[in-house]
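Chemist: My questions all concern the structure below.
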Amino acid sequence: YHLFVFAGLLPWIYFSTSVLSSGGSLVASAGLVSKVYFPRLIIPAASVAGGLFDLFVSMAFLLAAMPFFGAGWTVNLLAVPALVLGLVVTTLGVGTLISALTVAYRDFATIAGFALQVWIFVTPVIYPVGMVPEKWKWILLVNPMAAQVEGFRSAFLGKPFDFGAIGISIAISAALFILGVAYFEKVERRFVKLNRMNGQTA
């Protein structure tokens, strides 16, 4: 069970911390954004990329702990790079959208924090998918993090992959990313203009 939870927490901790970090990144960099021109999408993307080091260190600890709990390494571990890429797409999609919403509505950062606390309970991080009643399993399909968590478990614990669920997760994540970028570009111009006006007023 320790490895089961550890493998589930790996993608979730990276996702939640990176989403919160990227969500408030543009507002936190308001002074720089209003003075220097550069592709501002880099700011939330940098927050997402920054969490990868912690993720890799945590994966190394998990790999080292597996033999002590009687779990051997399997060929499923070869899928880890692809799973990490999918996790980054999911995190970037959600993080970019929340970043744009936080620019438009400053209180949204608080809402995002609360939403993530609820989100973890509808994601099989500390419980197996088998515990979810059949009538509620559709929630796991529309929750992109559910397949990501199960994918990491399959890779590290040698379980079969649910390629269908992972494919749906990536598709939803890509759609969130496109929506987030579109909305981000819409509100960033207003955000920069507002900050410049505030700077001139000051």
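The values are calculated or read from the model by the stated rules, or taken from the named source; none is laboratory data. Predicted model only: the values in this text are computed from it and were never measured. Every residue, glycine among them, receives a Cβ derived from its backbone with ideal geometry; neighbour counts consider all protein chains shown. We work out accessible area using only protein heavy atoms, side chains counted, and drop any ligands, DNA or RNA first. Shrake-Rupley method; radii C 1.70, N 1.55, O 1.52, S 1.80 Å.
Chemist: Quick one: is Met131 within 20 Å of Phe4 (Cα to Cα) and open to solvent by 50 Å² or more (accessible area, probe 1.4 Å)? Steps first, answer last, please.
Modeler: Numbers: within 20 Å of Phe4 (Cα to Cα): yes; open to solvent by 50 Å² or more (accessible area, probe 1.4 Å): yes.
Taking the combined requirement at face value, the residue satisfies it.
Chemist: Counting just the residues of the range 114-128 that are within 19 Å of the chain's Cα centre (by Cα), surrounded by fewer than 15 Cβ atoms within 10 Å (Cβ to Cβ) and without any contact (Cβ under 8 Å) to a residue 40 or more places away in the chain, which one comes out nearest to Gly8 (Cα to Cα)?
Modeler: Phe121
Chemist: Still on this structure, please answer the following. Taking the range 131-157, which residues are under 19 Å from Leu87 (Cβ atoms) and more than 18 Å from the chain's Cα centre (by Cα)?
Modeler: Residues of the range 131-157 that are under 19 Å from Leu87 (Cβ atoms), as a first pass: 140-157.
Of everything in the range 131-157, those that are under 19 Å from Leu87 (Cβ atoms) and more than 18 Å from the chain's Cα centre (by Cα) turn out to be Ser154, Ala155, Phe156, Leu157.
Chemist: Among the helices (runs of 4 or more DSSP H) lying completely within the range 1-64, list those that include at least 3 residues that are exposed (fewer than 15 other Cβ atoms within 10 Å of the Cβ) and at pLDDT below 90.
Modeler: Values: elements: 2-23, 25-28, 30-35, 42-50.
It comes to 30-35, 42-50.
Chemist: Here is a further query. Going residue by residue through the range 76-88, is there one that turns out to be within 17 Å of Gly151 (Cα to Cα), modelled with pLDDT under 90 and part of a loop (DSSP other than H, G, I, E, B)?
Modeler: Checking the range 76-88: not a single residue is within 17 Å of Gly151 (Cα to Cα), modelled with pLDDT under 90 and part of a loop (DSSP other than H, G, I, E, B).
Chemist: Any chance you could count how many residues in the range 147-166 are within 15 Å of Gly93 (Cβ to Cβ) and without any contact (Cβ under 8 Å) to a residue 24 or more places away in the chain?
Modeler: Number satisfying all stated conditions: 1.
Chemist: Look through Ile98, Ile111 and report the one residue that is surrounded by 19 or more Cβ atoms within 10 Å (Cβ to Cβ), part of a helix (DSSP H, G or I) and among the aliphatic types (A, V, I, L, M). Spell out how you get there, then give the answer.
Modeler: On the way: Ile111 fails: surrounded by 19 or more Cβ atoms within 10 Å (Cβ to Cβ).
Within the list Ile98, Ile111, the selection yields Ile98.
Chemist: Something else now. Condition test on Arg106, is it of a type in the set (Lys, Arg) and either within 15 Å of the chain's Cα centre (by Cα) or crowded, with 19+ Cβ neighbours inside 10 Å (or both)? Explain how you work it out, then say what you get.
Modeler: On the way: of a type in the set (Lys, Arg): yes; either within 15 Å of the chain's Cα centre (by Cα) or crowded, with 19+ Cβ neighbours inside 10 Å (or both): no.
Answer is no for this residue.
Chemist: Of all residues in the range 114-141, count the ones that are part of a helix (DSSP H, G or I) and at pLDDT 85 or above.
Modeler: Step one: of the range 114-141, the residues part of a helix (DSSP H, G or I) are 114-122, 129-131, 134-141.
Of the ones still in play, those that are also at pLDDT 85 or above are 114-122.
Of the residues in that region, 9 qualify.
Chemist: When you check Pro67 against the structure, is it surrounded by 14 or more Cβ atoms within 10 Å (Cβ to Cβ), in a helix (DSSP H, G or I) and modelled with pLDDT of 80 or more, yes or no? Don't jump to the end; show me each part of the working.
Modeler: Details: surrounded by 14 or more Cβ atoms within 10 Å (Cβ to Cβ): no; in a helix (DSSP H, G or I): yes; modelled with pLDDT of 80 or more: yes.
In short, no.
Chemist: I'm checking my understanding of the structure. Among residues of the range 148-160 that are assigned to a helix (DSSP H, G or I) and open to solvent by 10 Å² or more (accessible area, probe 1.4 Å), which one is nearest to Ala64 (Cα to Cα)?
Modeler: Among them, the one singled out is Leu157.
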